[in-house]
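To keep things clear, I will list the structure first and then write my remarks on it.
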Amino acid sequence: MWSLTKFVASRLSRSRRFFSSVIPRPCIIQKRGADILHDPWINKDTGFPLTERNRLGLRVLLPPRVISFEQQYARFMESYRSLEKNTVSESDTSHVALAKWRILNRLHDRNETLYFRVLIDNIKDFAPIIYTPTVGLVCQNYSGLFRRPRGMYFSAKDKGEMMSMIYNWPAQMVDMIVLTDGSRILGLGDLGVHGIGIPIGKLDMYVAAAGLNPQRILPVMLDVGTNNLKLIEDPLYLGLRQPRLEGEEYLSTIDEFIEAVLTRWPKAIVQFEDFQMKWAFETLKRYRERFCMFNDDIQGTAGVALAGLLGTVRAQGRSLDDFPNQKIVVVGAGSAGLGVLSMAVQAVVRMTGNAETAAQKFFLLDKDGLITKERKNLDPAAVPFAKDPGLIAGLRDGDSLLEVVKKVKPDVLLGLSGVGGVFNEEVLKALRESGSNRPAIFAMSNPTMNAECTAVEAFKHAGENIVFASGSPFENVQLGNGKVGYVNQANNMYLFPGIGLGALLSGACIITDDMLQAAAECLASYMTDQDIEKGILYPSINSIRDITAKVGASVVRAAVAEEVAEGYGKVDPEELAYMSKEETVEYVRRNMWYPNYSPLVQKK
Ligand SMILES: NC(=O)c1ccc[n+]([C@@H]2O[C@H](COP(=O)([O-])OP(=O)(O)OC[C@H]3O[C@@H](n4cnc5c(N)ncnc54)[C@H](O)[C@@H]3O)[C@@H](O)[C@H]2O)c1
Ligand SMILES: O=C(O)C[C@H](O)C(=O)O
Ligand SMILES: [Mg+2]
């Protein structure tokens, strides 16, 4: 029960938090001298003030001038911009992107405070470098780019010892883990241990967008082998040179890792990322009721897509109640495509109350074409979306995308196939003829080369009136006469940071469908009618902290409503339940880490 004493105590603890956020909190460290300079979590380079140099044994280990944080920031940006200027004419864009990644990565390795400040302040420019699409290139070239390890690399060879190995991680506390087995990295396939770039990039986004403390995040690679023969034969490949574990052997390895993690950090949240479909679904089913985890490719993607699909209905000038009437063709029946359709069906059921007909307007294709009830060996997860061939005249199992677009005349074409260019000229022209007053194209596969079509192709062939979104960033398209074709980035980066942060700050024991739904609805409602009319479905990434604060708060509130919130730190579930919507957003904001140099105090 909520009591007056608790109420007063919570108000007091709030005011204590307020004061402590004004005066920078000291960071208690055990290191001294050169060890500090070599620790990117606490290093300030030439920014150490003289008093700290004296106290921490740093005098004469640095040149005598103290350079302020602002000066360090300006110097970094200047060298970054000059690299940009000097390479702008180079035709090899991947060479330039990797050069930019290298310069950012060097800073990341040396001074995390400065790194995260430049990342947060320049997120629109830097997200495509440290995250999608350049991160894909980094994974593909990882053995050549590797300089220093980041995160943990558990392998099948550590089986039986993971419980002790987990204590090799130097930080006492971990809030958020992003875990991959490298088996489906973006649309690039099995990249084995080189897929570690993905958890690193996702966690960079967690710090930038959600304000997680970089000392409390952990990227993890679970190396269970690779089925990529080129990698196995590559003498410079950094992972186990053996085929992937399968079946029980695979599952017991993941089980052991999870047990080790939860033994050391029982409240850590685990985000599963870029697992091949069979393990993505299997692990989600296995763990989601047991601890606080989610699969970003299935669940984060679904929320972002649903927000975009609801935005599309608004952009078409229709009422949201019309969503169940949207004809949506999803190309790709993998973890992402099925995740999107499942969430879309849940939304229809909530609107209509009718589960039986909820999937009627949704059509699903895989590499063998349209999926109908006649399909042999259909994956059980795809069964609810298999169509009755008689539903529309002439519809047959295995129909090509072009045939489906011509017969179905969809309002939305959504690609999560991982195959670049499948929305070809003919398909886009057929969509133009669909009769929809404003057709939408979501070319969501990553990285850029794997997008189902480019923004230019979409506006050129499907018409200037379309709504367009892609998983990787494209520039807006100039349509002539001052008209602009707006490009949206339909990427799960708009949701996973808020889902993770909301789960953390509510102390959720599990992540429920309602929490995910709340996140998607929050994102969907973020946009004004004016933006939506122009075809802008998602906010600018420049507002990612604000978006994440609101998404995080909606997740906290849903966790409380569902009674899965166990509280965070000194904030108990009753206090969370007492907060208004605005107070919850404020609570989330207050708990976001922001990069500033803290005074360092050595613990004797
Ligand atoms: N934008 C985002 O936020 C986001 C999120 C998750 C995944 N993705 C991207 O989606 C893609 C797929 O991811 P996934 O996890 O679902 O992969 P997956 O391997 O589980 O599924 C791929 C699916 O595409 C189908 N497919 C392959 N070729 C096809 C073709 N020519 N026509 C129609 N279907 C075809 C396959 O049969 C399979 O069903 C990847 O490129 C990934 O980067 C994007
Ligand atoms: O990593 C991304 O950019 C989105 C998504 O998780 C993917 O796998 O493509
Ligand atoms: Mg992913």
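The slack between residue 252 and residue 55, meaning 0.36 nm per residue of separation minus the straight C-alpha distance, is 66.0 nm. Positive-end ranking of 527, 554, 579 along the dipole of segment 495-590, with charges on Cβ about the Cα centre, is headed by 527. Ellipsoid semi-axes for segment 300-491, based on the Cα gyration tensor and the rule √(5λ), read 25, 18, 16 Å when sorted largest first. Pairs over the 21 Å Cα-Cα cut-off, from the set 373/407; 570/604; 460/483; 367/460; 285/367: 570/604; 367/460; 285/367. In the chain, taking the dipole from charged Cβ atoms about the Cα centre, the farthest positive-side position among 600, 163, 544 is held by 600.
Summarising the label geometry, the points placed 7 Å from Cα in the beta-carbon direction at residue 354 and residue 46 lie 7.1 nm from one another.
Of the GluC sites (Glu not before Pro) found in segment 504-590, those that fall in a DSSP loop while having at most 13 other beta-carbon atoms within 10 Å are 563. Distant-in-sequence amide contacts of residue 488, defined by a placed amide H-H separation under 5 Å and a gap of 5 or more residues or a different chain, comprise 468, 469, 470. In segment 132-236, Cα pairs under 8 Å separated by at least six residues give a relative contact order of 37 percent. 3J(HN,Hα) couplings calculated from phi for segment 161-170 with the Karplus curve 6.51 cos²θ - 1.76 cosθ + 1.60 (θ = phi - 60°) are, in sequence order, 10, 4, 4, 8, 4, 4, 6, 6, 6, x Hz; Gly and Pro show x.
I'm a student and want to see the number: the projected area of the Cα convex hull of segment 495-590, averaged over all directions, in nm². Mind showing how you got there, number by number?
Details: hull surface 24.0 nm².
Projected area, direction-averaged: 6.0 nm².
Could you compute the FRET efficiency for residue 95 and residue 378, with r as their C-beta to C-beta distance and R0 at 56 Å, rounded to 0.05?
Working: r = 43 Å, r/R0 = 0.78.
For residue 95 and residue 378, the calculated efficiency is 0.80.
Under the simplified labelling scheme, the residue 141-residue 586 pair shows an inter-label distance of 4.8 nm, with each label point 7 Å from Cα along Cα→Cβ. Beta bridges from DSSP with both residues in the chain: antiparallel share about 15 percent, rounded to the nearest 5. In terms of overall dimensions, segment 149-291 has a Cα radius of gyration and Dmax of 14.4, 42 angstrom. Loop-located GluC sites (Glu not before Pro) across segment 64-117 with a Cβ neighbour count of 11 or fewer within 10 Å are 90, with loop assigned by DSSP. Charged side chains reduced to their Cβ positions (Lys and Arg at +1, Asp and Glu at -1) give the chain a dipole of some 2060 debye around its Cα centre.
The residue among 72, 292, 390 whose Cα reaches farthest toward the positive pole of the charge dipole of the chain, with charges on the beta-carbon of Lys, Arg, Asp and Glu, is 72. Estimated from helices alone, the mean residue ellipticity of the chain at 222 nm is -13000 deg cm²/dmol (sum of -39500 (n - 2.57) over DSSP H runs with n ≥ 4, per residue). Among the trypsin sites (Lys or Arg not before Pro) in segment 366-454, those located in a DSSP loop and surrounded by at most 11 other Cβ atoms within 10 Å of their own Cβ are 376.
Expected output is a single nm value to one decimal: the length gained when fully extending between residue 27 and residue 125, i.e. 0.36 nm times separation in residues minus the C-alpha distance. What is it?
On the way: separation 98, 0.36 × 98 = 35.28 nm, distance 3.04 nm.
Between residue 27 and residue 125, full extension yields 32.2 nm more.
Think of each Lys and Arg Cβ as +1 and each Asp and Glu Cβ as -1; about the Cα centre, that makes the dipole of segment 123-258 roughly 520 debye. Sorted largest first, the principal axis extents computed over the alpha-carbon atoms of the chain equal 81, 64, 59 Å.
Taken about its Cα centre, segment 495-590 carries a charge dipole of about 420 debye when Lys and Arg each add +1 at the Cβ and Asp and Glu each add -1 at the Cβ.
Using a 1.4 angstrom probe on heavy atoms only, work out the carbon and sulfur share of the accessible area of the chain in %.
C and S fraction of accessible area: 53 percent.
Per residue, how much accessible area does the chain have with a 1.4 Å probe, in Å²? Present the calculation step by step, with values, prior to reporting the outcome.
Values: 25820 Å² over 604 residues.
Ligands and nucleic acids excluded, the figure is 43 Å² per residue.
The values are calculated or read from the model by the stated rules, or taken from the named source; none is laboratory data. Source: prediction; values computed, not measured. Cβ: placed from backbone, ideal geometry, glycine included. Neighbour counts: every protein chain shown. Each accessible area value is taken on the protein alone, full model and side chains, heavy atoms only, with ligands, DNA and RNA left out. Shrake-Rupley method; radii C 1.70, N 1.55, O 1.52, S 1.80 Å.
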